[in-house]
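These notes concern the structure reproduced below.
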Amino acid sequence: MNSLYTIVAVLAAIALIGSIGASLQQQASALNLDWKEFKMLTNDFEKNVINTLRDERQGSSPTDMRELLSDYIVDVNRILGPETLPDPILALIQNYERDVTTIFDQTPPEPEKQIKDFRATTHDFVKAVIGEIPIPIPKPE
């Protein structure tokens, strides 16, 4: 009788582990499908910000830059799906938004310094987000 309970307990544990693994794999696949779109969106955002900073040598309006940033954050959330994002990625997005806003608010504005700081911050952000997104290992053929 004891062995029957042991077998049932082992089978229940296997079923539980299998269902948790399947759920995690689904979430990983959903996030993984969007990382390329995330990188393309970020590249476009970076180009737009740099062009705006360079075009307006007198100093970009912080409001214009905030609008670009706000639109970017909305698109990032849309692409990555905020309802499924793990807390570390949500924190990265919030920190990035804060850090970029600080760069835009530099007074007096120094476009070349802003560009350098913005590029470095954006590069670090992308690297950190992609580091949090599981990338599946290709199956051998």
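The values are calculated or read from the model by the stated rules, or taken from the named source; none is laboratory data. The model shown is predicted, which means the values in this text are computed figures rather than measured ones. In this analysis, Cβ positions are derived from the backbone assuming ideal geometry, glycine residues included, and neighbour counts consider all displayed protein chains.
Some observations on this one:
- Residue within region 108-126 that is closer than 19 Å to Asp34 by Cα and either at pLDDT below 90 or surrounded by fewer than 15 Cβ atoms within 10 Å (Cβ to Cβ) (or both) present: yes
- Glu83 vs. criteria under 19 Å from the mean Cα position of the chain (by Cα), surrounded by 13 or more Cβ atoms within 10 Å (Cβ to Cβ) and either at pLDDT 85 or above or more than 27 Å from Asp55 (Cα to Cα) (or both): no
- Pairs, first surrounded by 13 or more Cβ atoms within 10 Å (Cβ to Cβ) in region 33-51, second of a type in the set (D, E, K, R) and at pLDDT below 95, C-beta under 6 Å, six or more apart: Leu41/Asp75
To keep it simple, each residue is scored yes or no on (1) aromatic (Phe, Trp, Tyr); (2) modelled with pLDDT under 90; (3) over 19 Å from Glu110 (Cα atoms); (4) assigned to a loop (DSSP other than H, G, I, E, B).
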| site | (1), (2), (3), (4) |
| --- | --- |
| Lys47 | no, no, no, no |
| Leu53 | no, yes, no, no |
| Asp75 | no, no, yes, no |
| Leu92 | no, no, yes, no |
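- Those residues of region 94-107 which are surrounded by 12 or more Cβ atoms within 10 Å (Cβ to Cβ) and either modelled with pLDDT under 85 or within 15 Å of Leu68 (Cβ to Cβ) (or both), in sequence order: Tyr96, Glu97, Asp99, Val100, Thr101, Ile103, Phe104, Asp105, Gln106
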